[in-house]
């Protein structure tokens, strides 16, 4: 029994060292050190050095203590890497939105409304400012965007003011020439940004100009006006906070879905934890099960009706784009 316990202990320690070594190598590779060659060399050196130490040095306990000290130094350095707002950003996320609140009036600056050409990378950047009256805030819609199967979706929230909508999209703020990687998203590779946009842009670019197009579903929620107002103001505060205090995106902990549910919790509403929040493609089904969507239809039928691609393409750049994409969508009481 004692032998089995020792074997299990050694196995657990070995597995922990292996995971820590892998994490350390990836943290170095995806760090802000200059030059991919340098980062690759240091990452490989860390991994090989750890392996060689445990294979060659005779005293395993001292080797383990030395490894933990080295890992602690690496972790402290990695934690010290701070997000920034002054990088060479890609054009679609280069401009940060901000807002001011005066009584019932909220003015949002830099609402994105790009004009697209033949595809999503062919655009003329355009922004506008708009003042919204909180007393007119009467709708909250959940927008789910799919491009790689049913399990993963990009989730956005659209707030309606008497038929006029403004959409919040939580995204990675990529630098010029940078591409997205889920693995890199665990290692402080991307800053976080909230794109505040016109639906003709944030929905239209995905249904009409992406190649291939993405499937966009708009679900009308049953949220009450006071709850919608609290969530809207929470998003506005997050937008302003990012202009003062940049933050990191994280593939698992701080993404378009987990951040949205965190905002809901901050308004005082209980949100039970579920694997459907982590697998963002199932968020609409989760919200349906919580009673926040129309329940007069089975969810498969509601999902089918909520697909807006054809209506969005037909609406184009029409001024009443938001109204036209919602034609036929169930509006729960």
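The values are calculated or read from the model by the stated rules, or taken from the named source; none is laboratory data. Being a predicted model, the structure only gives us computed values, none of them experimental. With ideal geometry, Cβ positions are generated from the backbone for all residues, glycine too; neighbour counts draw on all protein chains shown.
Worth a mention:
A quick yes/no check of all residues on (1) buried (at least 16 other Cβ atoms within 10 Å of the Cβ); (2) more than 23 Å from residue 200 (Cα to Cα):
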site	(1), (2)
269	no, yes
276	yes, yes
287	yes, yes
300	no, yes
304	no, no
308	yes, no
315	yes, no
325	yes, no
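- Meets criteria (assigned to a strand (DSSP E or B), farther than 22 Å from residue 78 by Cα, under 19 Å from the mean Cα position of the chain (by Cα) and in the same structural domain as residue 137 (by TED's automatic domain parsing)) for residue 165: no
- Some residue of the stretch 182-199 being modelled with pLDDT of 95 or more, assigned to a helix (DSSP H, G or I) and in contact with a strand residue (DSSP E or B) (Cβ under 6 Å, 6 or more places away or on another chain): yes
- Among the strands (runs of 3 or more DSSP E) confined to the stretch 102-146, the ones with at least 1 residues that are crowded, with 18+ Cβ neighbours inside 10 Å and in contact with a helix residue (DSSP H, G or I) (Cβ under 6 Å, 6 or more places away or on another chain) are located at 105-112, 137-146.
- Single residue of the stretch 241-261 satisfying the filter (in a loop (DSSP other than H, G, I, E, B) and without any contact (Cβ under 8 Å) to a residue 24 or more places away in the chain) that is surrounded by the fewest Cβ atoms within 10 Å (Cβ to Cβ): 245
- Residues within the stretch 200-226 that are out of contact with any strand residue (DSSP E or B) (no Cβ under 8 Å at 6 or more places or on another chain) and part of a helix (DSSP H, G or I), tallied: 2
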